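The values are calculated or read from the model by the stated rules, or taken from the named source; none is laboratory data. These numbers were taken from a predicted model, which means no experiment stands behind them. Positions of Cβ are generated from backbone atoms using ideal geometry, with glycine treated the same way; all protein chains shown enter the neighbour counts. Heavy atoms of the whole protein, side chains included, go into the accessibility calculation; ligands, DNA and RNA do not. Shrake-Rupley method; radii C 1.70, N 1.55, O 1.52, S 1.80 Å.
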Amino acid sequence: RILAPLSDVSRRMRRTALLREESADVAWSRLAEIHDLQDAYLTMHTAISSFTRYVPRDVVKDLMDSGQLCEISMVPKQCTMLFVDIAGFTTICERVPPDALSALVSQYFDRASRIVMEHDGLIDKFIGDCIMAVWGAPF
């Protein structure tokens, strides 16, 4: 009984390292140390899941497989940049309640990000309602 929660966390960590989806349902241990380990795993899993929503899974997988921290380096490359935003966003902001506006922007970011990544692009950043994406960058 004591080892079952540890085995579960171990299995979940291996699946997360392979970027395989895992449910958040956990049979919480009564032992404080194992409970802390389970909580830390869920925090890590949430962070990685959030990261892979906006960064191509192949890029995240390469970063994880390298076992090293990312390094900033400059190499001349020919890249394609995309800047896209919501037409009339200022006017929309003036007329739409904040909670509805937040849902609209979130849905827009999710859909547009998915399209960029389906075409092997990388989301560089979100700037207000703007998405900056790049193709051909050495990631």
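3J(HN,Hα) along segment 71-78, derived from phi through the Karplus expression 6.51 cos²θ - 1.76 cosθ + 1.60 where θ = phi - 60°, amounts to 10, 8, 9, 10, 9, x, 9, 8 Hz, with x in place of Gly and Pro. Once both labels are positioned 7 Å from their Cα atoms along Cα-to-Cβ, the gap between M81 and R14 label points is 4.5 nm. Quantify, in whole percent, the carbon and sulfur part of the accessible surface of the chain (1.4 Å probe; protein heavy atoms only). Ligands and nucleic acids excluded, carbon and sulfur reach 58 percent. Charges were assigned to the Cβ only: +1 to each Lys and Arg, -1 to each Asp and Glu. The resulting dipole of the chain about its Cα centre is roughly 340 debye. Loop-resident GluC sites (Glu not before Pro) (DSSP state other than H, G, I, E or B) in segment 3-78 with no more than 14 further Cβ atoms inside 10 Å of their Cβ: E21, E71. The phi torsions of segment 99-112, fed into the Karplus equation with coefficients 6.51, -1.76 and 1.60 and a -60° offset, translate into couplings of 5, 5, 5, 4, 5, 4, 5, 4, 5, 4, 4, 4, 5, 5 Hz, rounded to whole numbers, with Gly and Pro shown as x. The HN-Hα couplings worked out from phi for segment 6-18 by the Karplus form 6.51 cos²θ - 1.76 cosθ + 1.60 (θ = phi - 60°) are 5, 4, 5, 4, 4, 4, 4, 5, 4, 5, 5, 4, 8 Hz, whole numbers, x standing for Gly and Pro. Among R114, R14, R30, the largest mean-square fluctuation in a Gaussian network model of the chain (Cα springs under 10 Å) belongs to R30. For D124, the residues 5 or more places off, or on other chains, whose built amide H falls under 5 Å of its own are M132, A133, V134.
Put the Cα centre of segment 94-132 next to the Cα centre of segment 12-35 and the gap is 30 Å. Fully extending the segment from E94 to T52 would add 11.9 nm, taking 0.36 nm per residue of separation and subtracting the current Cα-Cα distance. At a probe radius of 1.4 angstrom, the accessible area of segment 34-139 per residue rounds to 70 square angstrom. In the elastic network of the chain, a GNM with C-alpha springs shorter than 10 Å, the most mobile of L122, L104, L31 is L31.
Starting from the alpha-carbon convex hull of segment 37-101, give the projected area averaged over all orientations, in nm².
For segment 37-101, the mean projected area of the Cα convex hull comes to 8.4 nm².
Distance between the modelled labels on D65 and S102, one decimal in nanometres: 3.8 nm (7 Å Cα→Cβ projection). Seen from W28, the other residues with C-beta closer than 14 Å to its C-beta sum to a net charge of -2, counting Lys and Arg as +1 and Asp and Glu as -1. Mind checking the angle between helix 32-54 and the chain's longest principal axis? C-alpha axes, 0 to 90 degrees, to the nearest 10. Relative to the chain, helix 32-54 is tipped by roughly 20 degrees.
Take the Cα gyration tensor of the chain, multiply each eigenvalue by 5, square-root it, and list the three semi-axes largest first, rounded to whole angstrom. Let's see the in-between values first.
Working: eigenvalues 244, 108, 24 Å².
Whole-Å semi-axes of the equivalent ellipsoid: 35, 23, 11.
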